1. For LYS111, which lysines qualify as cross-link partners when the Cα separation must be under 16 Å and same-chain residues fewer than eight apart are set aside?
2. So what is the relative contact order for region 268-333, in percent, with contacts set as C-alpha pairs under 8 Å and at least six apart?
3. How much FRET efficiency would the formula 1/(1 + (r/R0)^6) give for PHE358 and SER241, where r is the Cβ-Cβ distance and R0 is 45 Å, rounded to 0.05?
4. Charges only on Cβ, +1 for Lys and Arg, -1 for Asp and Glu: so what's the dipole of the chain about the Cα centre, in debye to the nearest 20?
5. With point charges of +1 on the Cβ of Lys and Arg and -1 on the Cβ of Asp and Glu, referenced to the Cα centre of region 276-353, which listed residue (TYR321, LEU346, ILE288) lies farthest in the positive direction of the dipole?
6. Can you compute 3J(HN,Hα) from phi for each residue in region 139-146, using the Karplus curve 6.51 cos²θ - 1.76 cosθ + 1.60 with θ = phi - 60°, rounded to whole Hz and x for Gly and Pro?
7. Classify region 266-389 as rounded, prolate or oblate, taking a ≥ b ≥ c as the square roots of the eigenvalues of its Cα gyration tensor: rounded when a/c is under 1.5, otherwise prolate if a/b is larger than b/c and oblate if not.
8. From Cα pairs below 8 angstrom and at least 6 apart in sequence, can you work out the relative contact order of the chain, rounded to a whole percent?
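Nothing in this text is a laboratory measurement; each read-out follows from the coordinates by a stated rule. These numbers come from a predicted model, not from an experiment. Methodologically, a virtual Cβ is constructed for each residue, glycine included, from the backbone with ideal geometry; neighbour enumeration extends over all protein chains shown.
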Amino acid sequence: MNFIVISPFYPQNFQNFSIELSHKGIRVLGIGQEPYDQLDQALKDALTEYYRVDDLENLDQVVRAVAFFFHKYGPIDRIESHNEYWLELDAALRTQFNIFGVKSKELEKTKLKSAMKKLFKKAGVPVVEGIVVKSKNQGKKAVQKLGYPLIAKPDNGVGGSGTYKLQSEQDLQHFLEEWNEDSPYFFEQMIDSQDVCTFDGLVDKDGNIVFSTSLTYFYTPLSVVAQGLDNTFYIEKEIDSKLKEYGQAIVETFGMKERFFHIEFFRMPDGDYVALEYNNRPAGGFTIEVYNKAHHINLYELYAAMVAGQEIKKQSPNSHYCLAASRRFSKNYAHSQEEIQEHFPLEYQYAYQVPQAFAGLQGDLINVLTSSEFEKIKEMVAYIGQLDD
C-alpha cells in the first residue's frame, strides 16, 4: 500500500501517523515544504521517500510530487494530512488522481456551516435557525427575520476566527463596517448555553465507528478567543446516551469513510443537545494525546491498523475523567508548575508546550491530569488557573 502524507513534519505530534503507518508495513511517502534535514530522525526512518516542495499551497508543485510518486511506486492508495488547513488540498489531490477518500465535491458538506445545518436536520438532530448572508443588505434582512441576539461567522471558516456577536443595531453596524463582502457569512440565532461538548471518534472504510469519546469545554471556544481565557477541557468518563444517539445519527448521515470526526454541540439546561459544527478531522492540537491518556490507547496506531485492514481492538472504557488545563506565558499564576505536581501527585500526568501557531487559541502550556471524581476536576481547574493578585 502506498500512502502519501501531506505535511508529515508539522504539527509535530502528527508525525506519529507516519511512524505507525510504517510499522504496519505501509509504504509512507511524504510531501512537505521543510528541508529534509529538518525532519526528526524517527520521521525520516518512517518515510520511504520525501519530496520537498517550495510551497504546499502551490497546487501545481504538489501535483507534480504526487505524479512523481505515482510513476515511481505505482498507484497511490491514500492521501491524507489530518490537518484542517490542508483538507481542501487533500481532497483536490484525491479528486485529480481518483484516490480513495473525500473528494472536493464531498468536502463542501463539512466546510460550509450552512451545508452542515441541512445534514444535522436530516439526521434528526436539533439545530438553531440560520441564514447565509452574501451582502450587507442580506445581512440586514437576516437580522429582521431571525431577530437578536445572533452569531455571525464565515460560512466557510475554521473555529471561532472571524466570528461576531450581534446583540444590537450597534453590533450589526460594526460588523457591516468590518465586512467587505469578500466571503459569505452565516447568521444564526445565539444559543443560551455556555456548555459546549463534543462527540469525537474514528470511522472505518465502511463508515462504521471504531472509536468514540466526548470532551466538554470549561469555556466555549468563542469565549477563549474573545476574552483570552485559558483553554481548558476534560474527557468525559462516559458518553451521555442522548449525545451518543445524536452523534451516531450525524456520522451516518454525513457518510464519511476512514476518517476522524470532531462534532461540537451545545448542551442545553434541559439535558438536550443542539448540533453546532462537524469537523472532518481529529480534534486540534494535542487533543489526540489527551484521548490516548484517557482511554489507555494509541489512536495513531489504531488508525494505522485500520488502514492496513487489521482487526481493531475494542477500546477500553473510561474509568476516569482526563483534564487538559492550559496556561499562557503572558499571565502571572499563583502556583508554579512544580507546585501543581506537588499538590496533585496522584492525578498529575504530564505537561506539554503548544506550538506557537496554535498557542493563541489553545494556550502555551497544557497540563494533563486524571481523576475519577468530577469535584476533583473542578478543584484542579481552579488551582491551575488561579492568578497571582
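1. Partners found: LYS103, LYS153.
2. RCO, region 268-333: 27 percent.
3. It comes to 0.85.
4. Around 1380 debye, computed over the chain.
5. ILE288
6. Those phi angles translate into x, 5, 5, 5, 5, 4, 7, 8 Hz.
7. Taking the square roots of the gyration eigenvalues as a ≥ b ≥ c, region 266-389 is prolate.
8. Computed value for the chain: 13 percent relative contact order.
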